[in-house]
Amino acid sequence: MNNMEVYKFIHTADLHLDSALSSINNGQKAKTRRMELTDCFKRMADFAVANNVFGVIVAGDMFDVKNASPSVKMQVIDIIKSAGNVTFYLLSGNHDDKAFDDDFINALPNNAVMLKNGVGYRSGKVVIAGFEGDVVDENQVPDFDENDFNVAVMHGQVVSGNGEGINVKKFAGKNIDYLALGHIHKFEEGKIDRRGKWAYCGCPEGRGFDEIGEKGFVLFDTLGNVKFVPFCRRRLNEIKVDISGLDSYITQLDKIKKELLAYSTDDAFKIILVGQVDPALRIDVVALSARLDHVFYAKVVDKTTPKFDVKKLENEKSLRGEFFRVVNLLDASDEQKQQILKLGFCALEGREVNDDQD
C-alpha cells in the first residue's frame, strides 16, 4: 500500500437537494437558496476536476425525498456527466429512498457508482464499500485486505456502547482507512483505531438556522490526510443583540446594523433580540427585518424580557397589578413567568400578541 498511487477524494453528504427551505420565510430567497444547493454540487464537481480528485463520495441524502423534482434529478445526472474523469460513489440515505428510483439509477452515466450494501468497488489498490441503513452492525462489515486502502461509507448516527446506530469502535481491526459518514450536518472527525479515521463532512450548505456557520466538504487522500474545506455559497448565522434601554425603532435598528458589520452581507441571519425593555415597548420584528435588506436574508426574533417596577406593580390596584400578582404565584420558572407577563401585558394594552419562538 505504501507504493500505491495517491488518490484524492471529496467526501460529501446531506445535500438535501430541492429542500423546501421553510426556515427562510421569503419565497424568492428560498427559491434562490434551492438553486444554490444544486449549484453547490456543480461547484464541487468542478473543484474535483480542477484539483485532480479521483472520486466524489456522497454518503447519503443527496435529495430531500418529498421535494426531489425530475428536473433537479436530471441536473444531478448532467453534473456527474460534466465531470467525466471523476467517479461519483452514491449511497442511499434515510431521505433518498424514493429519489433513487429505477429511472434515476438507469440514467446515471458510466462515471457514477450506486453503492450496494456491502459490495466493494475497486480502483487499483483502493476499495470503496457502502453499508445501507441507520444501524450498521460490525458483523455487516467484513475484514478488508490490509494491503488495500479501504473506504467504508455509511449514513447514520455514531453511538457508543450498545446503542442503535454506528459504533465506530466496533469496526477496529477491520483495516478501514477512512469511514465516510453522513446524517449529522456538522463536521466532526475521530479515530477508529491506530489505522483508520472517521468523519462526518456535515452538509455543504446550511438550509436552516439549526445549520449555522461554515459548511463544506472533506478532502481526504490515500496518504491519510483529512481536511475540512469550507465551500458554502453563503453562511447562515444566529446572533444575539442586546437592546436593553433602546426604546425606539431607530436605535434598535442601528444596534443591529452595527452587530452585522462583522459579517458578510451575502449571509443569512436570525437575529435574536435580548435584554430587558420597558413592558410597554412594542418591538416591531417585521419592520426591523424588512429594513435589513442590505443582507441576503434577515429574520428578527424578540426574546427580550420586560423590565418591571416590581414594588409598584405589587401594590397597584388595577387589572395589570392583579395579573402581575397572580403570575408571580404560579408554579413556573422565572423565564416562563417573564414570558407570560410579557404576552399578558401586550393583550391588556390591546397590542398584538407576538409569541414567535422560531
Mind checking the angle between helix 334-348 and the chain's longest principal axis? C-alpha axes, 0 to 90 degrees, to the nearest 10. 60 degrees
Electrostatic dipole magnitude of the chain [Cβ: Lys, Arg +1; Asp, Glu -1; Cα centre; debye, to 20]: 780 debye
Only Lys, Arg (+1) and Asp, Glu (-1) charged, at Cβ; the stretch 12-89 dipole about Cα centre in debye: 220 debye
Mind checking the full-extension length gain between Ser318 and Val226? Use 0.36 nm per residue of separation minus the Cα-Cα distance, one decimal, nm. 26.5 nm
Mind ranking 318-331, 144-157 by how tightly packed they are, going by the mean number of other C-beta atoms within 10 angstrom, highest first? 144-157, 318-331
For the chain, give me the percentage of DSSP beta bridges that are antiparallel, rounded to the nearest 5 percent. 30 percent
On the formula 1/(1 + (r/R0)^6), with r taken between the Cβ atoms of Tyr263 and Asp145 and R0 of 51 Å, the FRET efficiency rounded to 0.05 is 0.55
Which of rounded, prolate or oblate describes the stretch 306-350 when judged by the alpha-carbon gyration tensor and an a/c cut-off of 1.5? oblate
Below 17 Å, Cα to Cα, which lysines can Lys98 reach? Residues fewer than 8 away in the same chain don't count. Lys66, Lys73, Lys116
Report the Cα centroid-to-centroid distance between the stretch 234-254 and the stretch 1-43 in angstrom, as an integer. 31 Å
Taking the chain and dividing mean pair separation by its residue count, relative contact order in percent (alpha carbons under 8 Å, at least six apart): 12 percent
For the chain, what does -39500 (n - 2.57) per DSSP helix run (n ≥ 4), summed and divided by total residues, give at 222 nm, in deg cm²/dmol to the nearest 500? -8000 deg cm²/dmol
Percent of Cα-Cα pairs per 10 Å bin, from 0 to the last occupied bin, for the stretch 199-358, please list those. 9, 31, 25, 18, 11, 5, 2, 0
Find the all-direction average of the projected area of the Cα convex hull for the chain, expressing the result in square nanometres with one decimal place. 22.1 nm²
Work out, step by step, the length gained on full extension between Lys337 and Lys8: first 0.36 nm times the residue separation, then minus their alpha carbon distance; give nm to one decimal. 112.8 nm
As a quick test, which of the pairs Lys170/Lys240; Lys8/Lys191; Lys42/Lys186; Lys255/Lys342 have an alpha carbon distance above 31 angstrom in this structure? Lys170/Lys240
Would you give the gap between the C-alpha center of the stretch 294-331 and the C-alpha center of the stretch 70-101, rounded to a whole Å? 52 Å
Of the options Ile57, Gly275, Pro109, report the single residue whose Cα projects farthest towards the positive end of the charge dipole of the chain (beta-carbon charges: Lys, Arg +1; Asp, Glu -1). Gly275
Cross-link partners of Lys337 among lysines (Cα-Cα below 17 Å; sequence separation of 8 or more within a chain): Lys303, Lys307, Lys311
Go ahead and run the numbers for FRET between Glu214 and Leu329, Cβ-Cβ distance against an R0 of 56 Å, rounding to 0.05. 0.75
Expected max-MSF residue from Asp302, Asp101, Asp210 in the GNM of the chain (alpha carbon, under 10 Å) is Asp101
Measure nothing fancy, just the Cα-based angle from helix 70-82's long axis to the longest principal axis of the chain, in degrees from 0 to 90, nearest 10. 50 degrees
FRET efficiency for Lys31 and Asp78, using Cβ-Cβ distance with R0 set to 25 Å, rounded to 0.05: 0.80
Let me spell out the model: positive unit charges on the Cβ of Lys and Arg, negative unit charges on the Cβ of Asp and Glu, origin at the Cα centre of the stretch 235-306. What dipole size does that give, in debye rounded to 20? 100 debye
Percent RCO, i.e. relative contact order, over the stretch 181-255, from Cα pairs under 8 Å lying at least 6 residues apart: 22 percent
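We did not get these values from a lab; they are worked out from the coordinates using the rules stated. Just so it is clear, the model here is predicted, and its values are computed rather than measured. Quick reminder, even Gly has a Cβ in these numbers, built from the backbone with ideal geometry, and neighbours come from all protein chains shown.
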